[in-house]
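Reviewing the structure listed below.
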Amino acid sequence: MKNYYIIDFDSTFTQVEALDELARISLENNPNRQAIYEEIERFTNLAMEGKISFRESLAGRVKLLEANRDHLAKLIVHLKKKVSKSFSRNKEFFKDNADTAWIVSGGFKEFITPVVIPYHIKKENIYANTFKFDEAGNIIGYDEANPLSDEGGKVKLLKQLEIQGRIFGIGDGYSDFQLKESGLIEKFYAFTENIARQSVTDKADHIAPSFDEFLYVNDLPRAISYPKNRILCLIVGNVPEIASHILKRDGFSIRVKETFEEKYTKDVGMILLGSDISITDEQLSRADKLKTIGYLGDIKGRVSKTICNEKGIVVFDDKKGKKRNSEFIPRRMADFINHGDTDQSRNFPNMLLPKLTRAHRLLHIHKNVPGIMAQINNVYAENNINIFSQFLMTRGEIGYAVTDIDAAYDKKMLKQLKQIDNTIKFRILYK
């Protein structure tokens, strides 16, 4: 059976609610615009939380818009810049699934179609409402015969379509959950990259903080190797808010704490520490998923460099008291996770890597002993791997080999690389 992907538009495919944005455009010169904005947003949220019917919400919002075709043209330009980041970077998924990736929305085709068409979504697979206009091009209503204009509209539409296949629903609102409640879809994924509504997330089969997460849990081709929302970043001590903001904006799962609590030891992937914080050797030795530590000061005497080397943990700090601003170290941490860069690391070979393009990047951290590179390249040769570029640097007891390869290979090769003697850590990146 084919898999079908039913994707919402507002606050899912895009970061915003389109009708709310249209109101900001159409009411720009209205002296009562702020009160009208708030009323439109109220209608939106009440419907998304299932507190009023969708038709009641839609009618209320359209009546307040005072919009025309010129306003719609401005809205489309705006929405094209507001596509959710995880959808934008997974454009290839829609190209590969053009027949089965559908947009189903209570929004309007007049602005949805021009935004999603560049993502290889077919016009015939866009299901949404349509406006009614007067002769002057003013919006005066909508097609009330369209099932999507009514309460439970998505359910009614799917019943009419009689899709023969496994259907997965992705959205942020109550109307998306109704598909699951109806039994018409296999699973409902509450999409929370832009907004999380507890009334929806509580009922979802799975919470997807990004489209990458949805693709990952369903083992579907995706733009990045591992969803960043699955990487726990612990921020401890006196750390400026801008540092937390940088890492959160990049998509990492952030926890801000006064101390390094024991419950995070097993799962933490990144740690950013204020200059007054230390980590015990015992705790550090058990942090098996930890990939990088950032320290807003000189880390000497605060965190064991020896244990970090033994576990392949890359350290970034202000080792010479350069008074680096609070953005520098979190950006270095993110660059290591995202690209493999170790430039200006305290303990690793300092490597600034070229941009990764249509390739998989294999990061092999190992003990600096003779013969490792030969073993790595033997694995590549045995598997007929097409190597685009390769880099090796050493520093003290650490060796760091980075190889960019063609994406077509047998996954068993990855296991072989991990099993090479003196391997400390292995990661795969692609984007």
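The values are calculated or read from the model by the stated rules, or taken from the named source; none is laboratory data. Computed from a prediction, not measured in an experiment: that's the story for all the values here. Here Cβ is always computed from backbone atoms with ideal geometry, including for glycine, and neighbour counts include all displayed protein chains. Accessible surface is based on the protein model in full, side chains and every heavy atom, while ligands, DNA and RNA are left aside. Shrake-Rupley method; radii C 1.70, N 1.55, O 1.52, S 1.80 Å.
Some values worked out for this structure:
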{"item": "Residue-count net charge about Glu186 - beta-carbon cut-off 14 Å; Lys, Arg +1, Asp, Glu -1", "result": "+1"}
{"item": "Cα-based equivalent ellipsoid, the range 153-274: semi-axes from gyration tensor eigenvalues, Å", "result": "35, 15, 12"}
{"item": "The chain, helix-only ellipticity at 222 nm - DSSP H runs n ≥ 4, -39,500 (n - 2.57), divided by all residues, nearest 500", "result": "-9500 deg cm²/dmol"}
{"item": "Considering only the range 1-149, percent of DSSP beta bridges that pair antiparallel, nearest 5", "result": "45 percent"}
{"item": "With every protein chain in place, the chain: carbon and sulfur % of accessible area (1.4 Å)", "result": "46 percent"}
{"item": "Loop GluC sites (Glu not before Pro), the range 248-325 (other Cβ atoms within 10 Å of the site Cβ: 13 or fewer; DSSP)", "result": "Glu258, Glu261"}
{"item": "Percent of Cα pairs exceeding the 29 Å cut-off, where the set is the chain", "result": "55 percent"}
{"item": "Fluctuation leader among Glu92, Glu38, Glu382 - the chain, Gaussian network, Cα springs under 10 angstrom", "result": "Glu382"}
{"item": "Accessible area in square angstrom per residue, the chain, 1.4 angstrom probe", "result": "46 Å²"}
{"item": "Cut-off 9 Å between beta-carbons: net charge of the residues surrounding Ile224, Lys and Arg +1, Asp and Glu -1", "result": "+3"}
{"item": "Beta bridges per DSSP with both ends in the chain, % antiparallel, nearest 5", "result": "45 percent"}
{"item": "Environment charge of Lys248, counting only residues whose C-beta is closer than 15 Å and scoring Lys/Arg +1, Asp/Glu -1", "result": "+3"}
{"item": "Placed amide H near Ser84: partners under 5 Å, 5+ positions off or other chain", "result": "Thr14, Gln15"}
